[in-house]
């Protein structure tokens, strides 16, 4: 039995982009024992996936707290046939340097690793991770979000009986420049409503201000801020007329359902590397998100609907 270790700490968008790679690595050897090393926020999501036999949580403790790193060192010494680094961070490079046994097969970007990735400049994140899978010897196998569906739990099935569009105005609090203004989302919501499409607002508690502003300025919108888990979000997105959102994890998830998705990208996002993947996934880039008008976005949606 082959023993494989995959490293993928996050974030949500990158994990969604990595589903095809996970599926491919699983298909490489159905009998292999595959361990995934991830960070605490995503351990539950990884456990719900059918690709891994074991999920190990990496607290990513500061390196000066060396007494917390013993279990991690033991993990890397566990005689893996191959370690596939899909995170490729400074931290994982240190893991390779100090924890990996001599001669360990390691796919990644760490200096001196056995299987160095090619130049990934301007290569989409999903394709980067798929390349890693093929370097292992795996075929390219598309994954999906079916693992989020629980046929015995109807509470995870979420949709509306009328045409609806999903608006995702949130993004990482550390990157406010990635946010299209809430006022613009409100205007887009009103345009949708005027044309027979119910606006549905999605977000987490950190997005409360933007979600509340949109709901206030578009009285007909449905505000589900803080009320959806990942399974419910996937269910809602799969049946949506369209999804519009910033460069954020939930938008990548929505795109992966196959629904028409339009990601709004500012100057902080490189479309070549970070465009969402999906049957009907698209993006609209602008050097200044503030100047990107709601009517322009609505017109873009109309054009994409005709294409799809």
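From the square roots a ≥ b ≥ c of the eigenvalues of the alpha-carbon gyration tensor of the stretch 212-282, which class results: rounded (a/c under 1.5), prolate (a/b over b/c), or oblate? Verdict is oblate for the stretch 212-282. Each Cα pair under 8 Å and six or more residues apart adds its separation to the average, and for the stretch 3-143 the resulting relative contact order is 33 percent. Annotation: the antiparallel percentage among DSSP beta bridges lying fully within the stretch 154-307 is about 0. Mind running the shape call on the stretch 95-168? Use the C-alpha gyration tensor, a ≥ b ≥ c as the square roots of the eigenvalues: rounded below 1.5 for a/c, prolate if a/b tops b/c, oblate otherwise. Verdict is prolate for the stretch 95-168. Between residue 296 and residue 141, full extension at 0.36 nm per residue minus the direct alpha carbon distance yields a gain of 52.2 nm. Taking the alpha-carbon centroid of each part, what is the distance from the stretch 68-123 to the stretch 288-308 in angstrom? Each part reduced to its Cα centre gives a spacing of 42 Å. Only Cα pairs under 8 Å and 6+ residues apart enter the sum, and on that basis the relative contact order of the chain stands at 17 percent. Reducing the stretch 128-197 and the stretch 1-41 to their Cα centroids gives an inter-centroid distance of 21 Å.
In terms of surrounding Cβ atoms within a 10 Å radius of their Cβ, 56, 244 rank from fewest to most as 56, 244.
Length gained on full extension, residue 229 to residue 94, computed as 0.36 nm times the residue gap minus the Cα-Cα distance: 45.2 nm.
Taking a ≥ b ≥ c as the square roots of the eigenvalues of the Cα gyration tensor, the stretch 3-143 is rounded, since a/c falls below 1.5. If I fit a long axis through the Cα atoms of helix 294-307 and take the longest principal axis of the Cα atoms of the chain, what angle between them do I get, 0 to 90°, rounded to 10? Result, in degrees: 70. Candidate values [x] 22.3, 84; [y] 20.5, 65; [z] 21.0, 71 were compared with Rg and Dmax of the Cα atoms in Å computed on the shown model; the agreeing label is [y].
Simple spin-label estimate for residue 105 and residue 183 gives 5.8 nm between the two label positions (7 Å along the Cα-to-Cβ direction from each Cα).
Each of 64, 95 was scored by other Cβ atoms within 10 Å of its Cβ. Arranged with the fewest first, they read 64, 95.
Computed from Cα positions, the angle between helix 182-194 and the longest principal axis of the chain comes to roughly 60 degrees.
By the helix-only formula, in which each DSSP H run with n ≥ 4 contributes -39500 (n - 2.57) and the sum is divided by residues, the chain has a 222 nm mean residue ellipticity of -10000 deg cm²/dmol.
Cβ crowding within 10 Å ranks 76, 63, 99 as 63, 99, 76, fewest other Cβ atoms first. For the chain, the longest principal axis of the Cα atoms and the long axis of helix 125-136 meet at an angle of about 30 degrees.
Values quoted throughout were computed directly from the atomic coordinates according to the rules given, and no laboratory measurement underlies them. For clarity, every value in this text was computed on a predicted model and none was experimentally measured. Virtual Cβ from ideal backbone geometry, glycine too; neighbours counted across all protein chains shown.
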